[in-house]
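Note sheet for the following structure.
The values are calculated or read from the model by the stated rules, or taken from the named source; none is laboratory data. Computed from a prediction, not measured in an experiment: that's the story for all the values here. Here the Cβ is made from the backbone with ideal geometry for all residues, glycine too, and neighbour counts use every protein chain on show.
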Amino acid sequence: MFYQNLALMLSDWLQKTMRMHLGCYCDLCQLPIHTPLPLKTSDREHAKRKETTRQRIGRNDIEWESIWCDSCKEHFAPTTRCSRCGLTTLTQTDQCGQCLAHPPLWSKLYCVGDYKLPLSSYVHRFKYQQQFWHAKPLAALLSERIDATPDLIASVPLHWQRQLMRGFNQSDLLAKQLGKRLDIEIEPNLFSRVKSTPQQKGLNKKQRQQNLRNAFRLNASPQQKHIAIFDDVVTTGSTIHHLCQLLLDAGVETIDIYCICRTPETDNSI
């Protein structure tokens, strides 16, 4: 496992180095990206951008990490959604009918898009093929959706056995990249997964809730009142529901959810 992860990290480094020296090509259409931003911005320009759109700029921001041309980025353009649950709606709304009837424990859910191609392929390659270089562009896309920043970002934990087998926690890596862009504190160890549970894939909403009962622990009572939880993919919301309950019990007032993909719910997920 150690040598496998080392080889993957070297592959990650080689990919980024080749991109830097050979020029930028769109990852989807393979055509050159003709208008990249400069690698470094002047102090004046950086300060101006940070003041006007803080959500899109981090204190260590020196480049726009896009791997797509402007035309292909339209595949990831925002769509109308319920701001509360993140599911698609005919018009943009603060709360859909389902949220009005059964409001979730969090206040807002921010996502890049639905779990479908081509976005889902990048999550899959990042998560299961260890293509870590996709964390920056995915976090950059998400940062453009966020209109209010929390005091702290926490990530959904993996059980230690699963993290040992995988070698990393995908939500941690994505949260760290987003935290850099938004200049927000990251706490990857706020939660622990104390019970190893079967994979959630293929389970409906009720089964997922039962599967995750007593699976998480809050390691410390946070002092922050506005916290965001980062999960790479939100399906039924069962995982983040349990984590939100822990935060609310600890006195947190506002909880936002950050994710790359929101999976549309089906009849089977209820």
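Things worth noting here:
- Any chance HIS21 is more than 30 Å from HIS242 (Cα to Cα), part of a helix (DSSP H, G or I) and at pLDDT 90 or above: no
- Qualifying residues in segment 134-169 (those that are outside any loop (DSSP other than H, G, I, E, B) and of a type in the set (Gly, Ala, Ser)) - the one farthest from LYS225 (Cα to Cα): ALA135
- Restricting segment 231-267 to residues that are polar (S, T, N, Q) and not in a loop (DSSP other than H, G, I, E, B) leaves a set whose member that is surrounded by the most Cβ atoms within 10 Å (Cβ to Cβ) is THR239.
- Set side by side, the residues SER66, SER83 differ, and just one is at pLDDT 95 or above, within 19 Å of the chain's Cα centre (by Cα) and of a type in the set (Ser, Thr, Tyr), which is SER83.
- Filter pass, GLU74 being at pLDDT below 90, more than 16 Å from the chain's Cα centre (by Cα) and charged (D, E, K, R): no
- Filtered by the rule that a residue be out of contact with any strand residue (DSSP E or B) (no Cβ under 9 Å at 6 or more places or on another chain) and part of a loop (DSSP other than H, G, I, E, B), segment 66-112 gives SER66, TRP68, ASP70, SER71, LEU90, THR91, HIS102, PRO103.
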